[in-house]
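Notes follow once the structure below has been shown.
The values are calculated or read from the model by the stated rules, or taken from the named source; none is laboratory data. Keep in mind the model is a prediction, meaning the values are calculated, not measured. When we count neighbours, we look across all protein chains shown, and the Cβ atoms used for this are built from the backbone with ideal geometry, even at glycine. The protein model used for the area step is the full one, side chains on, heavy atoms only, and it has no ligands, DNA or RNA in it. Shrake-Rupley method; radii C 1.70, N 1.55, O 1.52, S 1.80 Å.
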Amino acid sequence: MPGWTWTYEGYDPGQERLREALCTLGNGYFATRGAAPESAAGPAHYPGTYAAGCYNRLVSTAAGRRVENEDLVNLPNWLPLRFRVWPHDAIGTNGMNRTEPGWLTCDANELQAYRQILDLHRGVLTRQLRFAVGPGGHLDVEQTRLVHMADAHLAGLCTYFTARNWTGRLEVESAIDGEVTNAGVDRYRQLNGRHLTGWRTGVADADTMWMHCRTTASDISIAFAMRTHARATADNSRTDLTPTRAARLLNVHLASGAVACVEKTVALHTSRDAAISDPLNAAIDRIVDAPGFEQLLASHTSAWQHLWKRAELKVPGEAGRILRLHLFHVLQTLSPHTAELDVGVPARGLHGEAYRGHVFWDELFVLPYLNLHLPEVSRALLTYRHRRLPQAIRAAHAHGRNGAMYPWQSGSDGREESQTLHLNPRSGRWLPDNTHLQHHVGSAIAYNVWQYGQASDDSEFMHTKGAETLFQIARFWASTATWDASTGRYHIRRVVGPDEYHDAYPDATEPGIDDNAYTNVTAAWVMRRALDLARALPVPRRRELFERIALSGEELDGWDEISGRLYVPFHQGVISQFEGYADLAELDWAAYRDRYGSIQRLDRILESEGDTPNRYKASKQADVLMLGYLFSPSELCGLFRMLGYELDDEMWRRTVAYYLCRTCHGSTLSQLVHSWVLARARPTEAWQCWQDVLTGDVADLQGGTTTEGIHLGAMAGTLDLVQRGVTGLETREGALWLDPAPLPELSEFGFSIRFRGHWGVALRMRHGRLYISVPTSDATPIHVILPDRAITVVPGDTEGLDLSASS
Ligand code: BGC
């Protein structure tokens with residue numbers, strides 16, 4: 001289907017790890033990189049498989065210090081399927097082979113043609129390979145892979161082998177390999193990556209084998225059952241078992257022109273699964289019941305069709321094709337199955353080992369999209385945070401604060417997982433990591449709770465877990481802010497803002513900066529929304545919750561007071577990123593660009609020169625400008641007014657221009673935020689930024705980072721840029737608010753959303769008009785609020801809005 005496939009022609013070992021990440025298949029429960037099943041792991045190949053939420057802790061020594069890290073575990077590799085051929089003319093008169101042929105891999109000299117096709121519509125990866133066999137002969141291989149979207153525990157690999165101009169024996173070995181480590185990220189190589197132990201293997205029946213092992217510290221049991229079946233006459237089949245590898249060998253006789261098909265189906269269970277007795281028996285039972293590949297493919301494809309209907313975004317052309325790929329990876333990481341799991345949003349998907357599979361604030365860029373398509377998934381992701389509320393409260397107490405101090409990096413139990421040391425690969429030095437001071441992560445969680453409530457009307461969640469999470473975060477900010485009589489303001493000190501390049505003042509002995517504008521403004525917003533929710537709670541719920549978390553009227557008064565008097569620094573007529581920012585030196589951007597070309601990782605460059613970005617007005621990513629990402633222009637002005645400051649359009653425009661030329665986009669989130677913010681002020685530049693985010697992963701613009709996992713926040717953010725950025729869509733007070741900022745290059749798009757009780761409210765942009773329709777099946781009309789008027793769209797009706805009239 002045009003626009004739904006990604007085809008990679010030819011084999012290029014240098015590109016293989018990038019393709020593996022981009023061709024990852026998953027279903028929210030687990031995912032497997034698009035690695036070549038016939039090749040062993042090596043510089044070009046990294047066949048990782050990851051189950052959502054399956055973490056393990058290991059201790060290592062780095063720079064002479066003991067460091068402990070928790071990682072998303074690379075599970076046993078279920079992919080291996082290698083093959084070789086024994087043509088008759090290579091067999092001697094005594095029936096013995098003259099020479100033992102090598103296994104045919106994409107790195108072998110015999111490879112003549114190679115193509116890889118990722119079909120987003122059906123959720124399958126197909127590989128076509130051709131190998132030379134003897135003089136004038138070929139072996140054609142076509143292999144289709146799926147990770148099942150309906151039955152999340154199943155995956156399959158179906159391989160067709162065709163003999164061309166030779167006759168002989170095809171030998172196929174299908175295996176599960178438990179000898180894997182976490183070794184996908186070069187920077188972590190010096191750290192311990194052996195997460196698995198206690199392997200056992202066995203045979204369940206003629207076609208079925210299994211492997212069982214567990215993680216060393218979290219003690220999660222992992223079981224794979226594997227069925228290998230040849231749709232051809234196979235003889236001399238045998239099994240080959242070691243404790244860490246279970247293999248089945250098949251021999252098939254092939255005449256020229258004949259085709260043999262080998263189906264490999266696996267089932268995965270872990271001890272984290274619900275409704276099982278033990279993972280091994282669950283995996284074996286599942287594989288015994290699993291139908292053949294054709295049937296699996298049919299049910300898998302049908303599950304994908306339903307999913308596309310709920311989430312699809314239609315944008316014509318190449319941009320639309322990339323957006324579809326982004327949506328595909330978002331849905332493979334966070335699918336309807338996620339709604340049943342206790343997991344968060346892994347920043348790099350389930351596609352690689354960068355950031356160790358940790359959960360950051362990136363959900364801020366993901367949930368707003370999901371809220372309007374898969375709200376049950378958003379709810380589960382927020383529940384992941386609520387379950388870890390006690391841990392966040394403990395962390396706040398340990399720091400002498402009240403409320404919940406959520407960790408910058410979160411994993412299995414919600415403790416702070418940020419690394420204490422990180423390696424600068426440029427200098428080879430291990431350096432202290434202060435990013436854990438990004439307490440603004442709490443505001444991101446609160447923002448998502450609030451947005452979810454507005455989009456879904458899920459009062460059951462909002463009046464219980466949602467309210468409790470929001471109140472505890474508001475409480476944290478209130479207990480963190482300190483009053484300073486000399487400024488007549490509250491201040492939040494010793495934090496790190498979204499821009500991680502500023503984690504201390506130049507020459508300071510302690511980390512942290514003061515009054516990061518983004519942190520302070522969002523903290524004020526959190527306290528106000530907490531007050532709104534507290535007032536809106538039904539009395540019995542309010543009484544019960546207030547009593548349980550010992551929340552009093554006086555404490556609410558405190559939130560009211562602090563949220564109106566938090567300090568925001570300014571300089572030269574712009575919002576300052578933090579107090580003291582104005583005193584930093586200007587960086588000679590041209591000189592650094594000339595010298596280094598790409599300066600996205602300016603922190604590493606400066607550190608390798610014995611310098612630090614802390615000395616310069618140079619940001620890694622959008623920081624102040626994040627405010628324009630989270631809040632509409634009118635809401636942002638209102639927020640500043642609430643704080644006692646005047647922010648007009650002119651000052652915001654100056655602020656945008658100021659930081660735009662002082663940011664090096666060392667995070668993929670940066671260009672996204674810039675394109676969102678610029679869409680309203682400078683559409684041409686917005687489009688340029690958007691192009692960079694759009695191609696960030698497909699072209700690996702950050703130079704090797706996509707190979708270690710996709711950037712889920714940026715991917716979801718590009719979808720949301722169409723959904724909410726360009727339309728100015730907000731869900732507030734039970735209505736849909738629209739304030740379009742059309743981008744000429746995005747003049748056509750369409751999507752449907754789920755909004756409160758409505759399924760499938762369609763928005764379509766064409767020829768400068770925005771059409772809104774409500775399906776006939778809906779029971780109630782929706783209220784739409786435009787900058788200059790309000791309308792009601794009744795079920796079965798379409799309203800076309802002329803954007804030039806409403807702007
Ligand atoms: C960014 C963070 C982000 C993290 C995970 C970092 O490079 O600076 O804002 O949360 O990556 O995506």
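Give, in nm to one decimal, the length gained when the segment between Q572 and S237 is fully stretched (0.36 nm per residue of separation minus the Cα-Cα distance).
Details: separation 335, 0.36 × 335 = 120.60 nm, distance 7.78 nm.
So the extension gain works out to 112.8 nm.
Over the chain, what percent of the accessible surface lies on carbon and sulfur atoms, probe 1.4 Å?
Ligands and nucleic acids excluded, carbon and sulfur reach 49 percent.
If you take every DSSP beta bridge fully contained in the chain, what fraction is antiparallel? Give it as a percent rounded to 5.
So the antiparallel bridges in the chain amount to around 95 percent.
Per residue, what volume in Å³ does the convex hull of the Cα atoms of the range 742-790 enclose?
On the way: hull volume 4.5 nm³, N = 49.
Hull volume normalised by residue count: 91 Å³.
For the chain, report the accessible area per residue in Å² (1.4 Å probe, heavy atoms, rounded to an integer). Kindly include the intermediate steps, with their values, before the conclusion.
Details: 28920 Å² over 807 residues.
Accessible area per residue, the chain: 36 Å².
Modelling each spin label as a point 7 Å along the Cα-to-Cβ direction, I'd like the V794/D342 distance in nm, to one decimal.
The modelled label-to-label distance comes out at 5.0 nm.
Quote the relative contact order of the chain in percent (integer), defining contacts as alpha-carbon pairs under 8 Å separated by 6+ residues. Don't jump to the answer; show the numbers that get you there.
Values: 1757 pairs, mean separation 84.4, N = 807.
Reported as a whole number, the value is 10 percent.
Could you tell me whether the range 39-83 comes out rounded, prolate or oblate from its Cα gyration tensor? Rule is a ≥ b ≥ c as square roots of the eigenvalues, rounded for a/c under 1.5, then prolate if a/b exceeds b/c, otherwise oblate.
oblate
Principal axis lengths of the range 156-278 from Cα atoms, whole Å, largest first?
Principal axes ranked by extent give 53, 39, 24 Å for the Cα atoms.
What does the C-alpha gyration tensor say about the overall shape of the range 465-524? Classify as rounded when a/c is under 1.5, otherwise prolate if a/b is larger than b/c, or oblate.
Numbers: a/c = 2.49, a/b = 1.46, b/c = 1.71.
Note, shape of the range 465-524 comes out oblate.
Could you sort the peptides 31-38, 746-753, 451-458 by per-residue average Cβ neighbour count (10 Å cutoff), highest mean leading? Walk me through the intermediate numbers first.
On the way: 31-38: 25.0, 746-753: 19.1, 451-458: 20.6.
Ranking the peptides 31-38, 746-753, 451-458 by packing returns 31-38, 451-458, 746-753.
Arrange the peptides 185-192, 561-568 so that the one whose residues have, on average, the most other Cβ atoms within 10 Å appears first.
Answer by packing, highest mean first, reads 561-568, 185-192.
Please report the spacing between the Cα centers of the range 666-717 and the range 490-535 in Å, no decimals.
Distance between centres, Cα-based: 25 Å.
Evaluate the relative contact order of the range 374-598 (contact order divided by residue number), counting alpha-carbon pairs under 8 angstrom at least 6 apart; express in whole percent.
Relative contact order comes out at 17 percent.
Each residue of the range 165-170 in turn: what ³J(HN,Hα) in whole Hz from Karplus with 6.51, -1.76, 1.60 and θ = phi - 60°, glycine and Pro shown as x?
6, 7, 10, x, 10, 10
When a/c reaches 1.5 or more, the comparison of a/b and b/c decides; with that in mind, is the range 572-729 rounded, prolate or oblate per its Cα gyration tensor?
Verdict is oblate for the range 572-729.
From the phi of every residue in the range 683-695, what ³J(HN,Hα) in whole Hz does the Karplus formula 6.51 cos²θ - 1.76 cosθ + 1.60 yield, where θ is phi - 60° and glycine or proline is x?
Rounded to whole hertz, the list is x, 5, 5, 4, 5, 4, 4, 5, 4, 5, 5, 4, 9.
Run lengths n ≥ 4 of DSSP H only: what is the helix-derived mean residue ellipticity at 222 nm for the chain, with -39500 (n - 2.57) per run over all residues, to the nearest 500?
-9000 deg cm²/dmol
Dividing the alpha-carbon radius of gyration of the range 335-394 by 2.2 N^0.38 Å (N being the number of residues), what value is obtained?
Values: Rg = 11.7 Å, N = 60, 2.2 N^0.38 = 10.4 Å.
For the range 335-394, the normalised Cα radius of gyration is 1.12.
State the percent of C-alpha pairs, over all pairs in the chain, separated by a distance greater than 55 angstrom. Intermediate values should be presented prior to the final figure.
Numbers: 40307 of 325221 pairs.
Pairs farther apart than 55 Å: 12 percent.
Which ³J(HN,Hα) values, rounded to whole Hz and listed in residue order, are derived for the range 525-535 from phi using the Karplus coefficients 6.51, -1.76 and 1.60 in 6.51 cos²θ - 1.76 cosθ + 1.60 with θ = phi - 60°, glycine and proline given as x?
For the range 525-535, the Karplus curve yields 4, 4, 4, 5, 5, 5, 5, 4, 5, 4, 5 Hz.
Ranked highest first by average number of other Cβ atoms within 10 Å, how do 3-13, 693-703, 361-371 line up? Show your work: numbers first, answer last.
Working: 3-13: 14.6, 693-703: 19.4, 361-371: 26.6.
Per-residue mean Cβ counts within 10 Å order the peptides as 361-371, 693-703, 3-13.
Which residues' amide hydrogens lie under 5 Å from the amide hydrogen of H45, considering only partners 5 or more residues apart or on another chain, with H built in the peptide plane?
Residues meeting the amide H criterion: none.
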